[in-house]
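Colleague: Submitted below is the structure of interest, expressed as structure tokens.
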Amino acid sequence: MLHPKTLQFLTKLKKNNSREWFNEHRNDYDAAKENFIELVNQILEQVNNFDQDLSLLTYKDCIFRINRDVRFSKNKEPYKNNMAAYFVKGGKKSWLAGYYFHCEPGGKSFIGGGLYGGEPDQIKKVRQEIDYNWPEFKEILQNKKFKKTFGDLSREEGMSLIREPKGYEKNNPAIDYIKLKNFIVSFPVTDEELTEKQLVKKIINCFATMQPLLQFLNRAMED
């Protein structure tokens, strides 16, 4: 679970996103960061039970910095309003599909995972794998627990091509997934759930449920 003070800090940071305010509340940030590290360590301890590829990771390999890179952004706020971690073979800078947890008070927290923002060559390999092994991929998506937890792969605006990629026909049974540009799933987490004792269990259950999807995606990219 996360401490209510961690959520309070992030909520206040959103309203006072400046270096001056942050420096004045450095102790609050340090406490929130330690609380988040504790959560990530608990997740790492349990995720190894079903994904040995993550056995060598430490929290430093997973947690993103709270500082924003504002060099090429119109938004010049120096800090993120969230704390997040990416659990993936090779660490958070890996190009492989992985598990993700995003903590952002105000109803924006979620448990997710998959391949987001992949390079064209990676996406091409995944599309080919879906085409060649459509029955296997379909079985993953139609698993009862998977459907109950995630419903389907995310289809938010901009996630999919308007037309089928070159080399694929409109009547391909897998075309709705072949057209995707990102292959991700997401499960919402309320502010109340963030501070409940069952939070780690909820995260681990979601991660375990999405694991067959990640294995499929990574097999495609690593082969």
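The values are calculated or read from the model by the stated rules, or taken from the named source; none is laboratory data. Keep in mind it's a predicted model, so treat the numbers as computed, not measured. Positions of Cβ are backbone-derived with ideal geometry, glycine not excepted, and every protein chain shown enters the neighbour counts. Surface areas here come from the heavy atoms of the whole protein model, side chains and all, with no ligands, DNA or RNA. Shrake-Rupley method; radii C 1.70, N 1.55, O 1.52, S 1.80 Å.
Colleague: If DNA, RNA and ligands are ignored and the probe is 1.4 Å, what is the ranking of 3, 102 by accessible area, most exposed first?
Modeller: Greatest to least solvent exposure: 3, 102.
Colleague: Given a 1.4 Å probe, how much area per residue of the stretch 1-130 is accessible, in Å²?
Modeller: Heavy-atom SASA per residue in the stretch 1-130 reads 57 Å².
Colleague: Mind checking which of 32, 59, 1 is farthest towards the positive end of the chain's charge dipole, using Cβ charges of +1 (Lys, Arg) and -1 (Asp, Glu) about the Cα centre?
Modeller: The Cα lying farthest towards the positive end belongs to 32.
Colleague: Right, something else. Please name which of 49, 75, 91 has its Cα lying farthest along the dipole of the stretch 1-129 towards the positive end, using unit charges on Cβ (Lys, Arg +1; Asp, Glu -1) and the Cα centre as origin.
Modeller: The residue sitting farthest along the positive end of the dipole is 75.
Colleague: Between 59, 79, 132, where does the largest GNM mean-square fluctuation fall for the chain, given springs only between Cα atoms within less than 10 Å?
Modeller: Answer for the Gaussian network model of the chain: 132.
Colleague: With +1 on each Lys and Arg Cβ and -1 on each Asp and Glu Cβ, how big is the dipole of the chain about its Cα centre, in debye rounded to the nearest 20?
Modeller: Its charge dipole is roughly 540 debye.
Colleague: Nearest 0.05, what FRET efficiency do residue 20 and residue 72 give at R0 = 35 Å with Cβ-Cβ as r?
Modeller: That pair, residue 20 with residue 72, gives E of 0.90.
Colleague: Of all the accessible heavy-atom surface of the stretch 98-223, with the other protein chains kept in place and a 1.4 Å probe, what percent is carbon and sulfur?
Modeller: Its accessible area is 47 percent carbon and sulfur atoms.
Colleague: Relative to the longest principal axis of the C-alpha atoms of the chain, give the angle of the C-alpha long axis of helix 26-47, reported between 0 and 90° and rounded to the nearest 10°.
Modeller: With rounding to tens, the tilt is 40 degrees.
Colleague: Sticking with this one: Of all GluC sites (Glu not before Pro) in the stretch 129-191, which ones are in loop regions per DSSP and have a Cβ with at most 16 other Cβ atoms within 10 Å?
Modeller: Within the stretch 129-191, the qualifying GluC sites (Glu not before Pro) (loop, at most 16 other Cβ atoms within 10 Å) are 156, 157, 169.
Colleague: Dipole of the stretch 21-149, Cα-centred, from +1 at each Lys and Arg C-beta and -1 at each Asp and Glu C-beta, to the nearest 20 debye?
Modeller: 460 debye
Colleague: Do you know the relative contact order of the chain, to the nearest whole percent, from alpha carbon pairs under 8 angstrom that are 6+ apart?
Modeller: 23 percent
Colleague: Give the angle, between 0 and 90 degrees and rounded to the nearest 10, that separates the Cα long axis of helix 120-132 from the longest principal axis of the Cα atoms of the chain.
Modeller: Here the helix axis deviates by roughly 50 degrees.
Colleague: Return one number: the angle in degrees, 0 to 90 and rounded to the nearest 10, between the long axis of the Cα atoms of helix 199-222 and the longest principal axis of the Cα atoms of the chain.
Modeller: 40 degrees
Colleague: Under 30 Å Cα-Cα from residue 76, which lysines qualify once same-chain neighbours fewer than 8 residues away are excluded?
Modeller: 5, 12, 14, 15, 33, 60, 92, 93, 108, 181
Colleague: In the stretch 113-223, if the dipole is taken from +1 on Lys/Arg beta carbons and -1 on Asp/Glu beta carbons about the Cα centre, which of 186, 134, 215 is farthest to the positive end?
Modeller: The one lying farthest along the dipole's positive direction is 134.
Colleague: Could I ask something else about it? Could you please report the charge total around residue 205, scoring K, R as +1 and D, E as -1 over all other residues with beta-carbon less than 12 angstrom from its beta-carbon?
Modeller: Taking every Cβ under 12 Å from that of residue 205, the sum is +4.
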